[in-house]
Amino acid sequence: MLFTSYSFILFLCVVIGLYYIIPKRFQWELLLVSSFVFYYFSGWSNLLYISVTIVSTYFIGLKLDSLNKKQNIYLKGNKETLSREDKKAYKEKIKAKRWKWLLFCLIFNLGILAVIKYTNFAIANINSIFTMFKMNELSFVNLLLPMGISFYTFQTMGYIIDVYRGKYEPEKNIAKLALFVSFFPQLIQGPISRYDDLSLSLYKEQSFDAKGFSFGFQRVLWGYFKKLVIADRIVVAVLEIT
């Protein structure tokens, strides 16, 4: 479902209409359902990839937080009996565990992105070498590239790194984290958002504001103008030159 298609415009109008009609406490849930419906149109199998990223990021975020709280409780409960060296050693032990969980999360999700996006690129380069030595070429792998995988992978990386650094506590509601990761207006072309910036708007109960809606509508029209009138025409000229 392209942003410039009639189906997306209809979809967006329905979502906006429902957003201000339903009870405010369900607004963020509507956005979550809408985001998954939007993603479903790119192929139901794509939901598997983004779900794996959401679930892995969610549970590892909780694990990092639990290790941090475990450290604080232990040090507070034994502050009279532990020496400075003991405290330092315990902190280093917990830090090493937290680092391993962070590294696992980053490698796991980046690994999914790398395998899906660059496997055939690597095979093509290997085949070029095999051709030089008249060896049998490797077959290309039929891998589906999920929509927006680069954006949501790097967005979850930013989230888990911030949790590791203690910038904020991890989201305890997996559905809310799923909305942050899959929010459909930014899923295909970004931008990559920070959790502490975007979550404030996503989960907040919103009332209809005519002035704000008018301003947002103008920005949408301006975006369509830049895409359809400027960018799509420039790319034709660029392709002819190249």
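Quick note: the coordinates plus some simple rules give every number you see, no bench work behind them. As the structure is a prediction and not an experimental result, all values here were calculated from the model. Cβ coordinates were reconstructed from backbone atoms using ideal geometry, including for glycine residues, and neighbour counts include every protein chain displayed.
Mean residue ellipticity, 222 nm, helices only, the chain: the sum of -39500 (n - 2.57) across DSSP H runs of n ≥ 4, divided by residue count and rounded to 500, is -24000 deg cm²/dmol. One equal scatterer on each Cα of the stretch 151-208, no solvent, Debye formula: the resulting log10 I(q)/I(0) at q = 0.28 Å⁻¹ is -1.31.
Taking the inverse of the mean 1/r over every pair of distinct Cα atoms in the chain gives a Kirkwood hydrodynamic radius of 21.5 Å.
Based on C-alpha pairs under 8 angstrom that are at least 6 apart in sequence, the chain has a relative contact order of 30 percent. Fewest neighbouring Cβ atoms within 10 Å first, the residues W222, W101 line up as W222, W101.
In order along the stretch 170-181, phi translates into HN-Hα couplings of x, 5, 7, 9, 5, 5, 5, 5, 4, 5, 4, 6 Hz, rounded to whole numbers, per the Karplus curve 6.51 cos²θ - 1.76 cosθ + 1.60 with θ = phi - 60° and x for Gly and Pro. Each Cα pair of the stretch 7-107 feeds into the Kirkwood radius, which the Stokes-Einstein equation turns, at 20 °C and 1.002 mPa s, into a diffusion coefficient of 123 µm²/s. Listed by chain and number, the lysines whose alpha-carbon sits under 21 Å from that of K97, ignoring those within fewer than 8 places in the same chain, are K63, K69, K70, K76, K87, K88, K167, K172.
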